[in-house]
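Worksheet: one structure, shown below.
The values are calculated or read from the model by the stated rules, or taken from the named source; none is laboratory data. This one's a predicted model, so the numbers in the text were calculated from it and none came from an experiment. All Cβ positions, glycine included, derive from the backbone under ideal geometry; neighbour counts span all protein chains shown. These area figures cover heavy atoms from the full protein model, side chains too; ligands, DNA and RNA do not enter into them. Shrake-Rupley method; radii C 1.70, N 1.55, O 1.52, S 1.80 Å.
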Amino acid sequence: MSPRTPWGTYHQIADALRSRVSSGEPAPGEVLPSESALGQEFGVSRTTVRRALAELEAERLIKALPGTGRVVCTDAERKATAGEGPPRAQYRRIAAELRARIDSGELSPGAALPSEAALVRQYGVSRGTARQALSELEGTGLVVAVHGKGRFVQRPEKPTS
């Protein structure tokens, strides 16, 4: 069995990257290191790095540019969207709706969650957005991924006596 990254590690990585961006290194308009490079630096998987970067994207500190990577947003870019209120990323809306279905009991412990493909069809989003919503639920411990089978509502742990 491989060692697992502790829950919430991506928040710590996001905090470290947020500090760097705030200090101006990298400067606005500059490209961040690749997911692979950041994974090596922090000793985590690319999935963990992606979660950290998603936080910074949601805060409009960085943006993804196809073919380039993730770039630090300029002050003008941040101000242009400042009046819109806090962003509600699509993946967070999907995750919140799935969490509500779990909390209501509609999706009970052990129940399979919709597949990435099903979420793509239902919400009209990209596969990456659907994957990010499911990953957010995994990060909270509500959902467990079973390789080759899908994602399932986590069964509550039995208390040890």
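To the nearest 0.05, how large is the calculated FRET efficiency for SER36 and GLU59 if R₀ is 30 Å and r is the Cβ-Cβ distance?
That pair, SER36 with GLU59, gives E of 0.85.
With charges only on Cβ, +1 for K and R and -1 for D and E, what is the dipole size of the chain about its Cα centre, in debye, rounded to 20?
Here the chain has a charge dipole of around 460 debye.
How far, in nm, would the chain grow between THR74 and ARG93 when pulled straight, counting 0.36 nm per residue and subtracting the alpha carbon separation?
Details: separation 19, 0.36 × 19 = 6.84 nm, distance 2.65 nm.
Additional length available on full extension: 4.2 nm.
Using a probe radius of 1.4 Å on heavy atoms only, what accessible surface per residue do you get for the chain? Whole Å² is fine.
That works out to 61 Å² per residue.
With a point put 7 Å past each Cα toward its Cβ, work out how far GLN12 is from ALA27 in nm, to one decimal.
Computed distance between label sites GLN12 and ALA27 equals 3.2 nm.
Remind me, relative contact order of the chain in percent, using alpha carbon pairs under 8 angstrom and six or more residues apart?
Worked out over the chain, it gives 18 percent.
May I ask you to compute the full-extension gain from GLN122 to SER104, defined as 0.36 nm times their residue separation minus their alpha-carbon distance, rounded to one decimal in nm?
Separation in residues times 0.36 nm, less the Cα-Cα distance, equals 4.5 nm.
Give, in whole angstrom and from largest to smallest, the semi-axes √(5λ) of the equivalent ellipsoid of the chain, with λ running over the eigenvalues of the Cα gyration tensor. Mind dumping the intermediate values first?
Details: eigenvalues 183, 76, 41 Å².
Whole-Å semi-axes of the equivalent ellipsoid: 30, 19, 14.
Would you calculate a helix-derived [θ] at 222 nm for the chain, using -39,500 (n - 2.57) for each DSSP H run of n ≥ 4 and dividing by the full residue count, to the nearest 500?
Rounded to the nearest 500, it is -14500 deg cm²/dmol.
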